[in-house]
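**Student:** Sending over a structure as structure tokens; questions will come in a sec.
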Amino acid sequence: SKLVALFEHPLYNIPVPEVTEKDKLFVVNPMEKFSLRSSGSDEWVSSSKAETLLPTGKTAYDTYPTWLKFHVGINRYELYPRRDPLMPTLLRDLATQRIVSSVQKSGGTQLKLIMTFPNYGQALFKPMKQTRDQETPIDFFYFSDFERHNAEIAAFHLDRILDFRRIPPVSGRLVNITKEIRDITTDKKLAKTFFISPAGNVCFYGECSYYCSTEHALCGKPDQLEGSMAALLPAPAPAPACRWELNPNYCAQVRETPPYDRGHRLLDLIDMTVLDFLMG
């Protein structure tokens, strides 16, 4: 493919720093294995009860589902390796795995859903709100624009091409609103917003700060809805207060503070700013 050929260029063969245990987000417990309770179950059992059900594997890592292997591989330099053998499988899982739960994501200005898969993997679903060729009116403020699902997909691939590897994997997907959202949701606030449009299409609008009303409902054709599925990252610890909003000298202090006073950490942040600009 063109992407494989691109990765053969010398610019994509610059060695990455050696990853130590301190650089990893997670440290694998070699004794902890995971297994589904049974072939027809959506639940896991604890390792103490799983001995007779564990798949054959050389290490505990071999028993992990793809999404968990992705989490284990996250480190301070990248979310995934440059030539990650897991990526095709992870993208395929995002696009095809059965959805067993669908609820609204809390927070944010526009509607997003958390989709759960049978192996406890989760993805963030952003539904298509407007066609790809529909432009934002020039009089709109930037925060009034619809979130575009295809921008999420494009951002992931642009991030790979720029060799940043800091955006979670994203795949496009057609979702059945009836079977994969309405019929399986346990979110009461979401459930009460479904309706059938005059054209006979299944629609819903959820609850959020912007565009969650019958006038801005998301409708299927008749119940098929396109969207993006992004792999969820592990939940972070509560973020500290935004000190740069209060301290006018904050940036000057950052430049003199480890680890930003040496190396390329601050440049990495600038790279992400460039990426954000190109996405726009």
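**Student:** From the list GLU256, GLU245, which residue is farther than 29 Å from LEU158 by Cα, charged (D, E, K, R) and modelled with pLDDT under 85?
**Tutor:** Result: GLU245 is the single residue among GLU256, GLU245 that is farther than 29 Å from LEU158 by Cα, charged (D, E, K, R) and modelled with pLDDT under 85.
**Student:** Can you pull out the strands (runs of 3 or more DSSP E) entirely within the range 134-238 that have at least 2 residues that are exposed (fewer than 15 other Cβ atoms within 10 Å of the Cβ), aromatic (Phe, Trp, Tyr) and touching a Pro at 6+ places or on another chain (Cβ under 8 Å)?
**Tutor:** Counting at least 2 such residues, we get no strands (runs of 3 or more DSSP E) at all.
**Student:** With respect to LYS112, determine if the residue is out of contact with any strand residue (DSSP E or B) (no Cβ under 6 Å at 6 or more places or on another chain) and charged (D, E, K, R).
**Tutor:** no
**Student:** Go through (1) at pLDDT 95 or above; (2) over 23 Å from HIS71 (Cα atoms); (3) polar (S, T, N, Q) one by one and return the number of the condition SER171 breaks.
**Tutor:** (2)
**Student:** What about ALA217, is it among the hydrophobic types (A, V, I, L, M, F, W, C), at pLDDT 90 or above and touching an Asp or Glu at 6+ places or on another chain (Cβ under 7 Å)?
**Tutor:** Spelling it out, it is not the case that ALA217 is among the hydrophobic types (A, V, I, L, M, F, W, C), at pLDDT 90 or above and touching an Asp or Glu at 6+ places or on another chain (Cβ under 7 Å).
**Student:** Those residues that are among the basic types (Lys, Arg) and under 24 Å from TYR210 (Cα atoms), I need them from the range 92-140; list them, please.
**Tutor:** LYS105, LYS112, LYS126, LYS129, ARG132
**Student:** Return yes when LEU79 is modelled with pLDDT of 95 or more and under 15 Å from ARG165 (Cβ atoms) and no when it is not.
**Tutor:** Judged against the criteria, LEU79 is a match.
**Student:** Would you check which residues across the range 243-268 are surrounded by fewer than 12 Cβ atoms within 10 Å (Cβ to Cβ) and not in a loop (DSSP other than H, G, I, E, B) and list them?
**Tutor:** ARG243, GLU245, CYS251, ALA252, ARG255, LEU267
**Student:** Output the residues belonging to the range 45-72 that are of a type in the set (D, E, K, R), assigned to a helix (DSSP H, G or I) and either modelled with pLDDT under 80 or touching a Pro at 6+ places or on another chain (Cβ under 8 Å) (or both).
**Tutor:** Hits for the range 45-72 are LYS49, ASP62.
**Student:** Just to be sure before I move on: is LEU86 under 15 Å from the mean Cα position of the chain (by Cα), among the aliphatic types (A, V, I, L, M), crowded, with 16+ Cβ neighbours inside 10 Å and at pLDDT 95 or above in the structure I sent?
**Tutor:** So LEU86 fails the test.
**Student:** Considering only residues of the range 2-44 that are among the charged types (D, E, K, R) and modelled with pLDDT under 65, which is surrounded by the most Cβ atoms within 10 Å (Cβ to Cβ)?
**Tutor:** Per the stated criteria, the residue is ASP42.
**Student:** Restricted to the range 112-141, and to residues that are in contact (Cβ under 8 Å) with a residue 12 or more places away in the chain and over 15 Å from the mean Cα position of the chain (by Cα), which residue is nearest to THR178 (Cα to Cα)?
**Tutor:** MET128
The values are calculated or read from the model by the stated rules, or taken from the named source; none is laboratory data. Since we're looking at a predicted model, the values are computed, not measured. Positions of Cβ are generated from backbone atoms using ideal geometry, with glycine treated the same way; all protein chains shown enter the neighbour counts.
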